[in-house]
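Written below as structure tokens is the structure these notes are about.
The values are calculated or read from the model by the stated rules, or taken from the named source; none is laboratory data. Computed from a predicted model, the values in this text were never measured in an experiment. Here the Cβ positions follow ideal geometry from the backbone for every residue, glycine too, while neighbour counts run over all protein chains shown. The area values use the complete protein model at the heavy-atom level, side chains included, leaving out ligands, DNA and RNA. Shrake-Rupley method; radii C 1.70, N 1.55, O 1.52, S 1.80 Å.
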Amino acid sequence: MKTFSNPAIHFHNITLKIDNRTIINNVTGSFPEGKITTLVGPSGAGKSTILKLCNRLISQSSGELYIAGQAIEHYNPIDLRRKVGIVLQSAPMIKGTVFDNLNLPRVLQNSSLSTEEAVSILADVGLDDTFLQKDASSLSGGQKQRVSIARTLVNDAQILLLDEITSALDHNAVKEIENLILHINNKHGVTIIWITHNLQQATHVGHYMWVLMDGELIEAGNSNLLLHSKNKKVQLFMNGGV
Amino acid sequence: MNYSTLALTLLFVFIPIILSKTLNLGLEKDTIIATIRSIIQLLFVGYILTFVFEAQGLFYTFLMVALMIGAATLNARKKGQNITGITWKICLTLLTVEGITLTVLLGLKIIPATAQYIIPLSGMAIGSAMVLSILFLNRFSAELEAYEEQVELILSLGGTPKQAVHRQLLAAIRASMMPTIESQKTIGIVQLPGMMSGQIIAGADPIQAVLFQLLVLFILLSTAAISSVLLGFLSYPTLFNNQMQMIREKFHTVEK
């Protein structure tokens with residue numbers, strides 16, 4: 001397994017413009033290695049775009065983005081996306097069984113996941129082996145989200161990008177997913193960048209936090225920064241003013 | 001048949017116009033335009049063909065085929081505006097279809113190398129390839145729009161652009177080929193094909209007419225496969241940039 005010597009991500013003056021509209025505006029900041037950083041901010045702040053920049057589903061218009069100390073352009077996009085995995089908010093499933101979905105990353109590399117590997121990965125996300133042959137489209141929202149996380153883990157991702165993975169789940173399912181992510185972070189030392197709308201969640205699951213607004217990084221620091229920030233914009237966001 | 005008897009058949013055109021007016025379908029203008037255009041276009045082609053047949057030169061024959069390919073390309077490309085270089089891609093597809101068709105027909109001496117055979121058979125192959133191309137492009141655009149998230153998912157897991165659109169590409173190829181295959185299953189049972197009926201009306205031996213019709217059917221089957229597969233594999237790379245990223249605007253159908 002290829003390992004990044006330093007899996008942290010660093011943004012340096014990153015700007016993204018689409019059709020003359022500024023989506024990300026001159027962002028500079030880092031995601032520390034082996035830690036959980038949460039991204040918070042109002043809708044349209046550019047949080048999902050930050051994640052897509054990290055695994056090169058989109059590219060910045062200007063500025064430098066470093067993965068493990070190397071400019072992102074240095075990596076082959078395919079290798080990069082296998083090491084910097086993203087779990088999408090909607091947890092899209094391909095047609096077929098849970099096994100077909102777990103096996104997808106391997107199929108893309110012209111190989112196949114063994115049943116034992118699939119069972120082990122499912123166990124990691126709290127699902128038993130009876131799920132393997134279930135039709136993926138019949139799963140509940142929480143189960144799809146677990147399969148989606150497991151599918152990304154098949155690539156042995158060193159960095160995990162999570163896009164509001166608990167927003168559609170009930171309270172118990174949210175707790176289970178939070179524990180799962182903390183477990184993945186503790187057990188495998190995976191660097192995690194986690195977008196959430198839930199400010200309580202952002203405070204208690206993350207080590208660090210970024211607050212984004214209108215495409216700008218307005219505050220970055222420890223996960224409890226929201227409680228102590230003197231930044232007027234952060235206070236306004238906390239009070240639901242934006 | 002002469003022009004005065006043809007004039008009587010305009011009764012068949014008055015029926016849909018009257019029905020459209022009575023039921024407020026709003027199709028009267030389109031019906032009249034379609035009728036006038038078909039009369040002008042077909043008579044024009046008729047006179048051109050008379051000239052080409054009498055001239056008996058291969059130059060005019062190939063000029064005629066080139067015109068067909070040009071017109072078909074201009075017609076089909078409207079449906080693929082979101083694909084970069086769609087004009088030459090369709091043109092190349094039609095040229096390939098025509099090239100393979102003529103190579104087999106003339107190379108194996110199935111038909112003589114005269115305008116009388118080359119032009120109608122080329123017209124059927126090119127026309128069918130044009131319709132197939134439109135069907136393919138329509139379906140491919142719809143598949144991409146509907147499954148954009150899955151395309152992004154596969155890219156995000158480290159798949160190549162080809163792997164990312166594989167399912168959508170095959171679904172569009174299959175969907176565009178199915179009408180040709182299905183219509184051939186019931187041919188002769190539900191309806192007699194137009195070309196065969198025309199030959200029989202003109203006094204040809206029915207078996208000869210059937211043999212020619214079968215020849216056309218086999219050409220159309222091959223045309224369906226070649227045009228959708230070739231156009232598909234020429235089209236999908238233009239949906240991504242060299243960073244293996246989706247070019248978003250190409251995944252959304254824009255009505256033009």
>> If a residue must be among the hydroxyl-bearing types (S, T, Y) and more than 7 Å from chain A (Cβ to nearest Cβ), how many such residues does segment B:140-159 contain?
In response: 2
>> Filter segment B:163-179 down to the residues that are surrounded by fewer than 23 Cβ atoms within 10 Å (Cβ to Cβ) and within 12 Å of chain A (Cβ to nearest Cβ) and list them by number.
In response: B:Q163, B:H166, B:R167, B:A171
> Would segment B:78-86 turn up any residue that is surrounded by 13 or more Cβ atoms within 10 Å (Cβ to Cβ) and free of Cβ contacts under 8 Å to residues at least 60 places away in the same chain?
Replying inline: no
>> I'm trying to understand the selection: among the residues of segment A:116-131, which are in a helix (DSSP H, G or I) and open to solvent by 60 Å² or more (accessible area, probe 1.4 Å)?
In response: A:E116, A:E117, A:S120, A:A123, A:D129, A:T130
> Scanning segment A:102-115 for residues that are in contact with a helix residue (DSSP H, G or I) (Cβ under 7 Å, 6 or more places away or on another chain) and facing chain B (nearest Cβ under 10 Å), which turns out surrounded by the most Cβ atoms within 10 Å (Cβ to Cβ)?
Replying inline: A:P105
> If you take the residues of segment A:53-80 that are more than 9 Å from every other protein chain (Cβ to nearest Cβ) and either among the acidic types (D, E) or assigned to a strand (DSSP E or B) (or both), which of them is farthest from A:V190 (Cα to Cα)?
Replying inline: A:S62
>> Quick test for you: out of A:E178, A:E219, pick the one residue that is in a strand (DSSP E or B) and without any contact (Cβ under 8 Å) to a residue 40 or more places away in the chain.
In response: A:E219
>> Just the residues that are assigned to a helix (DSSP H, G or I), buried (at least 19 other Cβ atoms within 10 Å of the Cβ) and in contact with a His (Cβ under 9 Å, 6 or more places away or on another chain), please, taken from segment B:109-162.
In response: B:S141, B:L144, B:I154
>> If I filter segment A:167-185 for residues that are surrounded by fewer than 22 Cβ atoms within 10 Å (Cβ to Cβ) and of a type in the set (K, R), do I get at least one hit?
In response: yes
> Taking into account only those residues within segment A:84-101 that are part of a helix (DSSP H, G or I) and open to solvent by less than 30 Å² (accessible area, probe 1.4 Å), which is farthest from the other protein chains (Cβ to nearest Cβ)?
Replying inline: A:V98
